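Undergrad: The structure is given below, and queries will be raised subsequently.
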Amino acid sequence: MKFNLTRTAGLAAAVAVLAGGGLATAAVASTGNAAAKTVAQAQAAVPALTPAQVKYVHQSWGDPKTELGVVILAPKGWNMVKLSTFEAKFTSSNKLWNLRVNGVYQGATPVAKVVAQKKAALQGVKGYKLISQTNGSMKATNPSFEGVVFHYTTLVYSYTDGSTTRLVVDRFTNAFGANTTDLELSAGGRPQDRPGLEAVVNTATRDYVRLP
């Protein structure tokens with residue numbers, strides 16, 4: 001398969017800016033604590049992310065020299081930044097929601113061990129609270145991964161970022177064998193955004209492909 005890499009003055013004003021993707025502009029409108037308070041209020045006023053409002057588009061990235069890469073269904077309109085050869089981050093225009101995908105994670109390390117390591121590391125994070133830990137599986141829907149069954153563990157946890165609480169849906173997945181951890185998908189937002197974040201992670205999991 002040929003891998004193609006060509007693929008949010010006052011609260012009311014702040015809400016309008018945030019909803020339009022201009023979070024930085026809202027911060028510039030004031031300084032210090034007043035600006036931070038305005039942005040926090042604007043963020044809280046944005047309706048929760050719902051599964052129905054997210055549309056998807058295929059996104060791909062990787063190593064153009066070897067044609068090794070990753071393809072997923074990512075939220076349409078979210079800005080993509082390539083973090084490394086097989087890792088990318090997608091951020092919504094209002095800066096409230098994000099999705100990070102790492103297509104080369106721990107290799108020959110079982111998911112259970114990786115999850116234990118992740119939970120241990122999170123103990124030092126301010127305000128960390130584990131909300132749930134679940135195991136599951138799903139069949140791949142991308143024709144390029146026909147017959148593949150993804151087995152995964154999903155952590156849902158919250159932490160404190162300044163004066164706000166953030167929620168993360170973090171999934172560790174094996175695609176190539178029971179003793180591997182081949183993929184991490186992590187979606188972040190606010191506690192009220194959980195249904196939408198879980199839908200984003202589920203969609204990206206089902207359609208995930210490693211090339212070639």
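The values are calculated or read from the model by the stated rules, or taken from the named source; none is laboratory data. Predicted model only: the values in this text are computed from it and were never measured. Virtual Cβ from ideal backbone geometry, glycine too; neighbours counted across all protein chains shown. Side chains included, ligands, DNA and RNA excluded: accessible areas come from the protein's heavy atoms. Shrake-Rupley method; radii C 1.70, N 1.55, O 1.52, S 1.80 Å.
Undergrad: Report every pair of residues separated by at least 6 positions or lying on different chains whose Cβ atoms are under 7 Å apart, first residue within the stretch 39-67 and open to solvent by 60 Å² or more (accessible area, probe 1.4 Å), second at pLDDT 90 or above and basic (Lys, Arg).
TA: Correct list of pairs: 55/76; 56/76.
Undergrad: Now for a different question. When the stretch 69-83 is examined, which residues are found to be open to solvent by 60 Å² or more (accessible area, probe 1.4 Å) and either at pLDDT below 95 or of a type in the set (S, T, N, Q) (or both)?
TA: First, the residues of the stretch 69-83 that are open to solvent by 60 Å² or more (accessible area, probe 1.4 Å): 76-77, 79, 81-83.
Passing the criteria: only 79.
Undergrad: Could you grab me the full set of residues in the stretch 95-109 that are at pLDDT 95 or above, part of a loop (DSSP other than H, G, I, E, B) and either of a type in the set (Asp, Glu) or open to solvent by less than 60 Å² (accessible area, probe 1.4 Å) (or both)?
TA: Passing the criteria: 96, 97.
Undergrad: Conditions: (1) modelled with pLDDT of 95 or more; (2) farther than 21 Å from residue 58 by Cα; (3) small (Gly, Ala, Ser). Residue 188 meets all but one. Number of the miss?
TA: (2)
Undergrad: Could you please let me know if residue 132 is exposed (fewer than 14 other Cβ atoms within 10 Å of the Cβ) and modelled with pLDDT under 95? Walk me through it before giving the result.
TA: On the way: exposed (fewer than 14 other Cβ atoms within 10 Å of the Cβ): yes; modelled with pLDDT under 95: no.
Against the criterion (exposed (fewer than 14 other Cβ atoms within 10 Å of the Cβ) and modelled with pLDDT under 95), residue 132 does not qualify.
Undergrad: Condition (residue is modelled with pLDDT of 95 or more and of a type in the set (Asp, Glu)) applied to the stretch 136-146: is it met by at least one residue?
TA: No, there is no match, as no residue in the stretch 136-146 is modelled with pLDDT of 95 or more and of a type in the set (Asp, Glu).
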